[in-house]
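Taking it in order: structure first as structure tokens, then the write-up.
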Amino acid sequence: KNQVEQSPQSLIILEGKNCTLQCNYTVSPFSNLRWYKQDTGRGPVSLTIMTFSENTKSNGRYTATLDADTKQSSLHITASQLSDSASYICVVSAGRDDKIIFGKGTRLHILP
Amino acid sequence: NAGVTQTPKFRILKIGQSMTLQCAQDMNHNYMYWYRQDPGMGLKLIYYSVGAGITDKGEVPNGYNVSRSTTEDFPLRLELAAPSQTSVYFCASSGTSGRMSYEQYFGPGTRLTVT
């Protein structure tokens, strides 16, 4: 069964600290993996997208990694800011039928 | 570009009422989607369209209908609202790469409550 599991469910850190969010998937065949940021009351906004051959992709203070062998991805946030408080959603696409599977997200709270 | 727009932002319906959620995009995208997001859950695909005149069911289509008469618009119709349809609805679109899983752009969402 195609699944995307994210951990932790929620995370609280102090402003300025780094953090890493995890995504494990069982989607097959793998096509691409995306990380989205969803602010409260808004639609998701794309942060990074990685295909099978890419193992790291950066977008400012956000760096995503992908290990296609172990079917794991992480999103690392450096020097967190209050505006990073949001849900972060991992989305994996299956290659054959273009099925898109969303994780439940990690809720990140940045405290001043 | 306004991107993907949705109306209304909020709506309260009584059980059995009908309504249409509007979605429009101005990026000339072929692909459009409707998702629902329940609290603490991932987005679930309701319907999608790969172009004007073509629609198909997603994961949770029961209780909904869609149409795609133009490239720009993709309305979602609820015929007989039920409490189980209380959710936040997101419309999304993606570009003309020929693949459904190309990067998606989301609207701001419509929060619907059925009582």
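The values are calculated or read from the model by the stated rules, or taken from the named source; none is laboratory data. Because the structure is predicted, anything quoted here is derived from the model rather than measured. Cβ sites come from the backbone with ideal geometry, for glycine too, and all protein chains shown count toward neighbours.
Hey, any hits in the stretch A:76-94 for a residue that's modelled with pLDDT of 90 or more and touching a helix residue (DSSP H, G or I) at 6+ places or on another chain (Cβ under 9 Å)?
yes
Residue A:92 is checked against (1) of a type in the set (Val, Ile, Thr); (2) within 28 Å of residue B:88 (Cβ to Cβ); (3) more than 11 Å from chain B (Cβ to nearest Cβ) and fails just one. What number does that condition carry?
Here residue A:92 meets the rest and fails (3).
Is it the case that some residue within the stretch B:45-61 is in a strand (DSSP E or B), within 14 Å of another protein chain (Cβ to nearest Cβ) and of a type in the set (Asp, Glu)?
Checking the stretch B:45-61: at least one residue is in a strand (DSSP E or B), within 14 Å of another protein chain (Cβ to nearest Cβ) and of a type in the set (Asp, Glu).
So which residues in the stretch B:1-59 are in contact with a Gly (Cβ under 6 Å, 6 or more places away or on another chain) and over 15 Å from residue B:110 (Cβ atoms)?
Answer for the stretch B:1-59, where residues must be in contact with a Gly (Cβ under 6 Å, 6 or more places away or on another chain) and over 15 Å from residue B:110 (Cβ atoms): B:29, B:30, B:42, B:45, B:48.
Residues are listed down the side, and each one gets a yes or a no for (1) within 14 Å of chain B (Cβ to nearest Cβ); (2) out of contact with any Asp or Glu (no Cβ under 7 Å at 6 or more places or on another chain); (3) surrounded by 14 or more Cβ atoms within 10 Å (Cβ to Cβ); (4) hydroxyl-bearing (Ser, Thr, Tyr):
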| site | (1), (2), (3), (4) |
| --- | --- |
| A:16 | no, yes, no, no |
| A:46 | yes, no, yes, yes |
| A:52 | yes, yes, no, no |
| A:67 | no, yes, no, no |
| A:73 | no, yes, yes, yes |
| A:80 | no, no, yes, yes |
| A:83 | no, yes, no, yes |
| A:103 | yes, no, yes, no |
| A:108 | no, no, yes, no |
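Given (1) within 13 Å of another protein chain (Cβ to nearest Cβ); (2) under 26 Å from residue A:107 (Cβ atoms); (3) part of a strand (DSSP E or B), identify the lone condition not met by residue B:39.
Among (1) within 13 Å of another protein chain (Cβ to nearest Cβ); (2) under 26 Å from residue A:107 (Cβ atoms); (3) part of a strand (DSSP E or B), the lone unmet condition for residue B:39 is (3).
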